[in-house]
Structure formats: structure tokens, C-alpha cells
Amino acid sequence: MGFSGGGSFSTGPKMNVTPLIDVLLVLIIVFMVVVIEQRPTGLQTEIPQPNPKASSIPPPQRTIVIQIHHAKVGAEHVQVMVNEEAVEWDRLRERLRDIFAIRVERIAYVEADNDIDFQDVADVIAIARIAGVDRVGLLTEDGKHLPMAG
């Protein structure tokens, strides 16, 4: 008498996948090493060095102050100065245009003596606006500035 099992037993050949996995892992490592060795290195660059002559040049003044004074005490003639540099009335617009041509921040302050007519101050503000100044502020006697006109 023979015993028969309830299930079917497969007596055929079985595939052993362990050596295939080992081969796959070795191939992955080889490809990773090859890719790392072939990685582009990029371009060689040099960092710019500061110019020793450039440090002797003072940086431009950030604050532009337009001063309005009497040329002489009791005189009727009004003198205009831009950051302590005397400027003729006729050349004020050109001088301001030259100053603000390379500036990103286009702000100027106007400072005047107490006895200067406001018409002269208004003329300076108008010339500054025509020359490209975006915002004009007024300085008080103690050096503080009033709110700016846009």
C-alpha cells in the first residue's frame, strides 16, 4: 500500500537566486565607482584680489546736501553748495545730474540759512527734481531732517 499525500509535490529543479543577487550587487558597486570617476570637475576659477590702489580712493559720500547761503553777510546774492563744493546756479542741474547718474539711491537734502527766501529753496528743490532726484528732504538747524517729499 502506498500512502498518497494530499498535495502535489514538485520534484523538478529549483532555481537558487542567491548567487544572482550577489552578482547584481557587485555590478551595482562597479557602476557606482565608474560614475563617480567620470563626474565632471567643472572649470578652474580664480578669486579676484582687491586692488591696492582702490583702497586709497575714498568711497563716495552717501548723503548729498545742497546748501543755500548768502555769498556775503548782508549781500543779496545767494550761493549754492553741494556737499561743501560751491556750484553756480546755472550749473546746479548739470552737477546734480552728474552726481545722481550712477547712484541707485536718489535722495538729496536741502539746507538753507534762516534768512533765505523760500523761493530760492523751492527753486533748488525744482532743479533737483528735474536733475533726477527722486526724494528731497529739508534739514533743520540742528541737522535733523524733516519728512521727505516724494
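Taken together, the values in this text are just the output of simple stated rules run on the coordinates, not laboratory data. Here the structure is a predicted model, which means the values were calculated and not measured. Because the Cβ atoms are built from the backbone with ideal geometry, glycine has one as well, and the counts that use them run over all protein chains shown.
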According to a simple spin-label model (label point 7 Å from Cα along Cα-to-Cβ), what is the distance in nm between Asp134 and Asp117? 3.3
Within-14-Å neighbourhood charge of Gly132 [Cβ basis; K, R +1; D, E -1]: +3
Treating only the Cβ atoms of Lys and Arg (+1) and Asp and Glu (-1) as charged, compute the dipole magnitude of region 61-138 about its Cα centre; round to the nearest 20 debye. 460
Pairwise over distinct Cα atoms, reciprocal of the mean inverse distance: report the Kirkwood radius of region 61-138 in Å, one decimal place. 12.5
